[in-house]
């Protein structure tokens, strides 16, 4: 069980013989359910998205990262930090406050009040929920709350009407976990949860999974939209030593960048991309783009025909083996691949590995 330190100033430990054990259990439970919340947060099924929207509102890229990082910081604080609880005011049972925090202190001390003693370990306004709530204050600057006066209805209204503020609201983090546990969406990590097995179509790692290898743990993720509707592959006549048989898209992209340097071209566009918290995107090779084409309807966002009736074409990261003026592309209507003039303006869809 997670060891905690209590500051007993003005209070005798003999008055509250179970308090240290209660705080250790609440801290351990908060840690396990925070890990469970992060596992839930990475999933993209309908129930998860509805639960997420309930407490944080509709997401955009910035809000997604704020919430994900906050849960990670709460996890790290509970996992790695020496949790210190000031229980000197625990006898104040008349107060309507479960706890408070000291984010400006060096040790991130959390104050515990009398109402905490009567709180259940699980459920709404639980002991473990108080720990998550107060820890969120200690890891995020200027996080908002109303010192316990935000009701469930208030929190849901905040998420609906002001999602930016909801991502900085301590109650939203507390209720997301507490009600996630009640709904069976979040499990206690200490019971050895089965590892999350990625599936094609899952929202994961900044995009949408389109390929999973035989290990069931690794594969490729595509962005949910094109990075360009028309951009050149690179400089005509400049040979890039990519290997069709052995180079992954990542290796080929790195070779292109090394050869062509700065500029506006397909591989560079992927290489410079920062999306949903990830910056390791690259231009897929022929094989990877073929796998992406196979799952084009699941991933979505592809243009199969241009407005003028021509097939929509996407660049791969493979240079032509013998002719430096061409590189490999794919027509996405039928999935056919062929060399094309590097100066042509074709579409680009970035991918990354996991």
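Which pairs have Cβ atoms under 6 Å, sit 6 or more apart or on different chains, and link a residue in segment 289-311 that is more than 19 Å from residue 338 (Cβ to Cβ) to one that is outside any loop (DSSP other than H, G, I, E, B) and modelled with pLDDT of 65 or more?
Once the first residue is more than 19 Å from residue 338 (Cβ to Cβ) and sits in segment 289-311, its partners that are outside any loop (DSSP other than H, G, I, E, B) and modelled with pLDDT of 65 or more give 295/210; 299/208; 299/210; 299/222.
Against the definition (touching a residue at least 40 places away in the same chain (Cβ under 8 Å) and surrounded by fewer than 16 Cβ atoms within 10 Å (Cβ to Cβ)), how does residue 58 come out, yes or no?
yes
Provide a single number: the residues in segment 150-166 that are within 20 Å of the chain's Cα centre (by Cα) and over 11 Å from residue 53 (Cα atoms).
Qualifying residue count, segment 150-166: 2.
Might you let me know whether segment 87-109 holds any residue that is at pLDDT 80 or above, in a strand (DSSP E or B) and over 13 Å from residue 34 (Cβ atoms)?
no
Any residue in segment 16-33 that is within 22 Å of residue 158 (Cα to Cα), modelled with pLDDT of 75 or more, surrounded by fewer than 19 Cβ atoms within 10 Å (Cβ to Cβ) and in contact with a helix residue (DSSP H, G or I) (Cβ under 9 Å, 6 or more places away or on another chain)?
no
Out of segment 69-86, which residues are in contact with a helix residue (DSSP H, G or I) (Cβ under 6 Å, 6 or more places away or on another chain), touching a residue at least 60 places away in the same chain (Cβ under 8 Å) and part of a helix (DSSP H, G or I)?
The answer is 71, 73, 74, 77, 78.
Take residues that are within 30 Å of residue 62 (Cα to Cα) and in contact with a strand residue (DSSP E or B) (Cβ under 6 Å, 6 or more places away or on another chain) and tell me which of the strands (runs of 3 or more DSSP E) falling wholly in segment 251-354 contain 1 or more.
On the way: elements: 313-319, 326-331, 336-341, 346-348, 351-353.
The strands (runs of 3 or more DSSP E) meeting that bar are 313-319, 346-348, 351-353.
Residue under question is residue 262, and the condition is that it be farther than 16 Å from residue 319 by Cα, in the same structural domain as residue 208 (by the TED database), surrounded by fewer than 20 Cβ atoms within 10 Å (Cβ to Cβ) and over 29 Å from the mean Cα position of the chain (by Cα); does it hold? Break it down stepwise before answering.
Values: farther than 16 Å from residue 319 by Cα: yes; in the same structural domain as residue 208 (by the TED database): yes; surrounded by fewer than 20 Cβ atoms within 10 Å (Cβ to Cβ): yes; over 29 Å from the mean Cα position of the chain (by Cα): yes.
Considered against the rule, which asks whether it is farther than 16 Å from residue 319 by Cα, in the same structural domain as residue 208 (by the TED database), surrounded by fewer than 20 Cβ atoms within 10 Å (Cβ to Cβ) and over 29 Å from the mean Cα position of the chain (by Cα), residue 262 comes out as yes.
The values are calculated or read from the model by the stated rules, or taken from the named source; none is laboratory data. Everything numeric in this text was worked out from a predicted model, so none of it was measured. Using ideal geometry, Cβ is built from the backbone for each residue, glycine included, and neighbour counts are taken over all protein chains shown.
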